[in-house]
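Chemist: Below is one structure. I have some questions about it.
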Amino acid sequence: MTSAPPSHGGDRVWAAALARCQDNELLDFSASISPFGPSAGVVQAIQQALPRLPHYPDPQYRVLRQALGTALGLAPDWLLPGNGSAELLTLAARMLGDCSEVILVTPAFGDYFRALTGAGVPIRRLVWDVFQPFPWEKLKELGDGRRGLILNNPHNPTGALLPRREILPLLERFAWVVADEAFMDFLPPPEQESLLPELPNFPNLIVLRSLTKFHALAGLRLGFAGAAPQVLTQWQNWRDPWPVGVLAEAAALAAIEDQAFAQKIWRWLPPARGELEQGLNALPGLKPLPGAVNFLLVASAVPVPPLQEALLKNHRILIRDCLSFPELGDRFFRVAVRTPAENQRLLAALGECL
């Protein structure tokens, strides 16, 4: 291969070099982003905000926090916008610095290790066999009042939706619980298992959300955190000023209001995911795990790196290998759910390569 593969999905420059094409010629299944692009309302809001570029954003983001609070049923001072959930994860890791150690259920999103290591926080892995039930009892045993816990819900890379009723008892057993809900908005509100409504009841709870995956704004960098006001005030004292620019703020305000776009995503996803899962199951040597959001984790009977390379060189299709998840290794890959036509193109290419 031309260079080392990326540790995250979405490295189109690396993939395009291997496929010998321009990055806009790739069909990218590696990054779990909505395939429809930003809504027209969001694009229009960005355009209308261009005259504001000479001016600094509001350092307190009062209008955006009020809009988030109204949408989520929380007071604005319980919410804080950030430069993607990655920035907020770094701040959350710093908050966990007083914990004796932080429990990660692995396989886990690699940025958790980056953030915790950077904050000097000891990490303890709880390895989960993804073909077995989630290790709730073991987590309860590990909760001693001094440890921290980071939970990813819906879980990445499996796509499993973890029930809120199972998480709530853990909030009383760990010093801090960080719930990374980056993919939660791919479920309609009645089906979500979000902990945001529990924030006023648990001062040791931090919830991280992304606005870039659902609204296809990954290049803009935008997320928000929910936590007790004193926690968020501390974060504002720690971080650089103006982490959310005026264009990202305008995009966020428009995205929050665009319920028609949200309904479109919620209508598209279940049948598209079901058809893709069925198609993957029909291919020899592939076993997709059932998921609740816009990606599928797939076990493979053959090593994935040669399959990934063949898809790039012969079909200009990029899938996400799972080499950055040590518990999964080279026999798993992850694919985003895209439009029905694009999903069929992936299935046809996989069939040919296999």
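Chemist: What pairs come up if the first residue lies in the range 197-219 and is of a type in the set (Lys, Arg), the second is modelled with pLDDT under 95, and their beta carbons are under 8 Å apart, counting only those six or more places apart or on different chains?
Modeler: Between residues of the range 197-219 that are of a type in the set (Lys, Arg) and residues that are modelled with pLDDT under 95, the close pairs are ARG209/SER85; LYS213/SER32; LYS213/ILE33; LYS213/SER34.
Chemist: Taking the condition assigned by TED's automatic domain parsing to the domain that holds PRO107, modelled with pLDDT of 95 or more, out of contact with any helix residue (DSSP H, G or I) (no Cβ under 6 Å at 6 or more places or on another chain) and part of a helix (DSSP H, G or I), does ALA348 pass?
Modeler: Values: assigned by TED's automatic domain parsing to the domain that holds PRO107: no; modelled with pLDDT of 95 or more: yes; out of contact with any helix residue (DSSP H, G or I) (no Cβ under 6 Å at 6 or more places or on another chain): yes; part of a helix (DSSP H, G or I): yes.
When the stated conditions are applied, ALA348 does not pass them.
Chemist: Another one. In the range 182-208, how many are over 19 Å from GLN234 (Cβ atoms) and surrounded by 23 or more Cβ atoms within 10 Å (Cβ to Cβ)?
Modeler: Going residue by residue through the range 182-208, those that are over 19 Å from GLN234 (Cβ atoms) are 182-198, 201.
Filter once more, so that each one left must be surrounded by 23 or more Cβ atoms within 10 Å (Cβ to Cβ): 182-184, 186, 195.
Result for the range 182-208: 5.
Chemist: State all residues of the range 262-304 that are among the polar types (S, T, N, Q) and not in a loop (DSSP other than H, G, I, E, B); if no residue qualifies, say none.
Modeler: Of all residues in the range 262-304, those among the polar types (S, T, N, Q) come to 263, 278, 281, 294, 300.
GLN263, GLN278, ASN281, SER300, listed by residue number.
Chemist: Take VAL302 and tell me if it is more than 25 Å from the chain's Cα centre (by Cα), more than 14 Å from SER30 (Cα to Cα) and at pLDDT 95 or above. I'd like the intermediate steps shown before the answer.
Modeler: On the way: more than 25 Å from the chain's Cα centre (by Cα): yes; more than 14 Å from SER30 (Cα to Cα): yes; at pLDDT 95 or above: yes.
Answer is yes for this residue.
Chemist: For the range 1-85, which helices (runs of 4 or more DSSP H) that fit wholly inside it have 1 or more residues that are modelled with pLDDT under 95?
Modeler: On the way: elements: 12-19, 40-49, 62-72.
Here the list reads 12-19.
Chemist: How many of the residues in the range 137-146 are touching a residue at least 24 places away in the same chain (Cβ under 8 Å) and either touching a strand residue (DSSP E or B) at 6+ places or on another chain (Cβ under 6 Å) or exposed (fewer than 15 other Cβ atoms within 10 Å of the Cβ) (or both)?
Modeler: Applying the first criterion (touching a residue at least 24 places away in the same chain (Cβ under 8 Å)) to the range 137-146 yields 139-140, 142-146.
From what is left, the residues that are either touching a strand residue (DSSP E or B) at 6+ places or on another chain (Cβ under 6 Å) or exposed (fewer than 15 other Cβ atoms within 10 Å of the Cβ) (or both) are 140, 142, 144-146.
Residues meeting the conditions: 5.
The values are calculated or read from the model by the stated rules, or taken from the named source; none is laboratory data. Worth saying up front: this structure is predicted, and the values here are computed from it rather than measured. Neighbour counts are summed over all protein chains in view; Cβ atoms, including those assigned to glycine, are modelled from backbone coordinates with ideal geometry.
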